[in-house]
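Encoded as structure tokens, the structure appears first; notes follow it.
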Amino acid sequence: MKKLLLLTITLVMLFGAQMPSNATDVKTVKATIVKHAIALGVDPALALSIAKTESGFRHNAKSCHGAVGVFQLMPSTARRMGLNPYSLNDNIKGGIMYYKNMYKMFGSTELALAAYNAGPGNVKRYNRQVPPFAETKRFVNKIMADYNYQKKYPDAAVVEAKKAIAAKSVPASSVQAKVVPSSQVKAAPTPSSVVEVKVEEVNKTNAQVVEQAKSSDVVKEEITAI
């Protein structure tokens with residue numbers, strides 16, 4: 001009984017210690033997916049939905065057909081794109097690039113997903129429609145359902161990425177106007193002060209005229225006296 005109890009405690013402690021690490025790994029994987037999706041012009045919500053369905057965001061996932069990584073890339077497909085499917089960055093980048101190529105080929109999200117799962121040849125073989133394979137239909141339906149949910153309720157990784165993009169743009173409030181000290185500001189003359197200056201100038205002119213007239217009268221008197 002004691003041995004069973006000790007074994008149970010050991011397992012609980014072991015799995016409990018691993019949970020934060022797994023959570024951190026998933027967070028890193030999601031952030032990497034969102035980053036590459038934005039860079040490649042693919043909706044990050046859709047990229048997250050593909051990865052969730054393909055691997056549950058596990059980079060160590062491997063299918064019975066040989067597909068590996070978060071986006072379950074076939075090594076041969078990755079090599080044709082010049083990527084390493086065992087690298088987290090390359091696997092995610094390659095998966096999103098492959099989906100984007102399929103979308104360019106078929107012009108439809110559903111058909112691109114079908115081609116991602118069953119291959120573009122099968123989509124063409126069935127008159128550019130989702131092939132009647134149970135696995136492919138489940139794949140497309142599951143991703144589309146999750147994608148529609150993600151659009152309504154964005155993942156935290158998408159929210160964080162949008163915040164980071166918004167923070168890079170300079171807000172208007174950060175632009176500060178240059179403040180000039182009040183002691184350096186010269187007030188423009190008011191209309192009344194302008195008038196006073198004008199009147200003063202006229203008075204000076206009149207005084208000069210009067211003085212000149214007086215001088216002229218004196219000269220005339222002197223001439224008359226002579």
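The values are calculated or read from the model by the stated rules, or taken from the named source; none is laboratory data. These numbers were taken from a predicted model, which means no experiment stands behind them. All Cβ positions, glycine included, derive from the backbone under ideal geometry; neighbour counts span all protein chains shown.
Tabulated data
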{"quantity": "Residue ID - farthest from the chain's Cα centre (by Cα), chosen from residues in segment 118-167 that are small (G, A, S) and closer than 20 Å to S49 by Cα", "calculated": "A134"}
{"quantity": "Residues of segment 56-110 classified as in contact (Cβ under 8 Å) with a residue 40 or more places away in the chain and assigned to a loop (DSSP other than H, G, I, E, B), total", "calculated": "1"}
{"quantity": "Segment 51-98 - residue that is over 27 Å from the mean Cα position of the chain (by Cα) and of a type in the set (V, I, T) and, of those, surrounded by the fewest Cβ atoms within 10 Å (Cβ to Cβ)", "calculated": "T77"}
{"quantity": "Filter result (outside any loop (DSSP other than H, G, I, E, B), in contact (Cβ under 8 Å) with a residue 40 or more places away in the chain, closer than 18 Å to L113 by Cβ and of a type in the set (G, A, S)) within segment 31-55", "calculated": "A37, A45, A47, S49, A51"}
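Residues are listed down the side, and each one gets a yes or a no for (1) modelled with pLDDT of 95 or more; (2) out of contact with any strand residue (DSSP E or B) (no Cβ under 6 Å at 6 or more places or on another chain):
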{"site": "P85", "(1), (2)": "yes, no"}
{"site": "L88", "(1), (2)": "yes, yes"}
{"site": "Y99", "(1), (2)": "yes, yes"}
{"site": "A118", "(1), (2)": "yes, yes"}
{"site": "G121", "(1), (2)": "yes, yes"}
{"site": "V130", "(1), (2)": "yes, yes"}
{"site": "V140", "(1), (2)": "yes, yes"}
{"site": "A156", "(1), (2)": "yes, yes"}
{"site": "K163", "(1), (2)": "no, yes"}
